[in-house]
1. Using a simple spin-label model with points 7 Å from Cα along the Cα→Cβ vector, what separation in nm is obtained for D323 and E301?
2. When 1/r is averaged over all different Cα pairs and the result inverted, which Kirkwood radius in Å belongs to segment 191-348?
3. Sticking to Cα atoms, compute the Rg of segment 130-172 to one decimal and its Dmax as the biggest Cα-Cα distance, whole number, in Å.
4. Rounded to the nearest 0.05, what FRET efficiency do E148 and K330 have when you use their Cβ-Cβ distance and R0 = 41 Å?
5. Just list whichever of K133/K219; K159/K271; K114/K168 have alpha carbons separated by over 26 Å in the model shown.
6. Can you give the relative contact order of segment 281-362 as a percent, counting alpha carbon pairs under 8 Å and 6+ residues apart?
7. Give, rounded to the nearest 20 debye, the magnitude of the charge dipole that segment 168-289 has about its Cα centre when Lys and Arg contribute +1 at Cβ and Asp and Glu contribute -1 at Cβ.
8. Cut-off is 10 Å between beta-carbons; in what order do R104, R76 appear when sorted fewest neighbours first?
Amino acid sequence: MAQSTPYVILYLLFMLQLPPHLKARLSTPLKIGALEVNSRVLQSPLSGVTDLVFRRLVRRYAPESMLYTEMVHASRLQHIKEIPIIMEIDPNERPVSIQLFDCRPHFLAEAAQKAVAEGADTVDINMGCPVNKITRKGGGSSLLRQPEVAEEIVREIVKAVNVPVTVKTRIGWDDAEITILDFALRMQDAGAQMITVHGRTRAQGYTGNARWEWIGKVKQVLDIPVIANGDIFSVESAVRCLEETGADGVMCSRGTLGYPFLVGEIDYFLKTGEILAAPTLIQRLECAKEHLEALYEYKGERGIYQARKHMAWYAKGFVGASDLRGELNKIETVKQGVELLDKAIDKLATGYEVIEEKEVVMSQ
């Protein structure tokens, strides 16, 4: 959510009211097997995004939420001597989960053991990624078409580790194959202790609307926690999703791109019934600077190139943002990026070139 006036906050407070039964359930810890998490809002694993630097920013505003690493290719762990940086966990960022993908139970079981050794509080199996380079190798959402293999994967990992095993998936391969109800039951029977359902098919990718009604149907047939994913871009959308699905929590994905405050905003509302004042545009650009500097410190020159996309996600909601994104996409040094962001901050500080509040809110 972008910066909100007092009138917008009052309007949201009036409109956003969880039903008493839902509020009571969501105020308790999320139980994932024997693990209790004091938040019903989770940060989704995002390839090329949810590295240690990004997770630290999310953690600042969501101190108790479950965070996820980028997904890790299980079979690649068999051919390297050192644990990849993608699996690095800060002891202060727990609870945290490492997400794995592959289609071979044995490889995944061994990778899960390495994940636990690195400090993972749960091991999550990606059974929903729609990207061709993942699905054509039998991983991600292609497992929706191989439910027996998916079952074996969960069983093998459950036997291999002493932490909860969870699954993230989609509602089906395409409109002709919406198989999530049977698939989710299979995952539960195999030993999964939580399932996150993205309300789109593999064929949809990230287009169209997430079909939350299918998440609600999954919730009706399972005993384990069901987390709703897809189109969670604000406190309001999270509340609406929870009301429509009856899910045990929500997972934020694309809504956190350039906005690591979202998980914390939703978590705060669910716990208090109050709307947090959203960060100003200046505060968002200050966060962008911090993100850029931290990526360089953590990854060196590679971090600068990775930061370009992040900077573009932050630079929204004001006149001149498009030009700024173009310039940030070409930075070669941290100094260049900081100077561009400082220049934009100086303009915003004068009140110049800010678009009207309504447009800022709707842009999110």
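No value in this document is a laboratory result; all are computed from the given coordinates. Since the structure is predicted, the reported quantities are computational estimates derived from the model, not experimental observations. Every residue, glycine as well, gets a Cβ built from its backbone with ideal geometry; the counts of neighbours run over all protein chains shown.
1. For the pair D323/E301, the computed spacing is 3.1 nm.
2. That comes to 17.5 Å for segment 191-348.
3. Computed over the Cα atoms of segment 130-172, radius of gyration and Dmax are 11.3, 32 Å.
4. 0.25
5. Violating the 26 Å Cα-Cα cut-off are K133/K219; K159/K271.
6. 33 percent
7. Magnitude of the dipole: close to 340 debye.
8. Result, fewest neighbours first: R76, R104.
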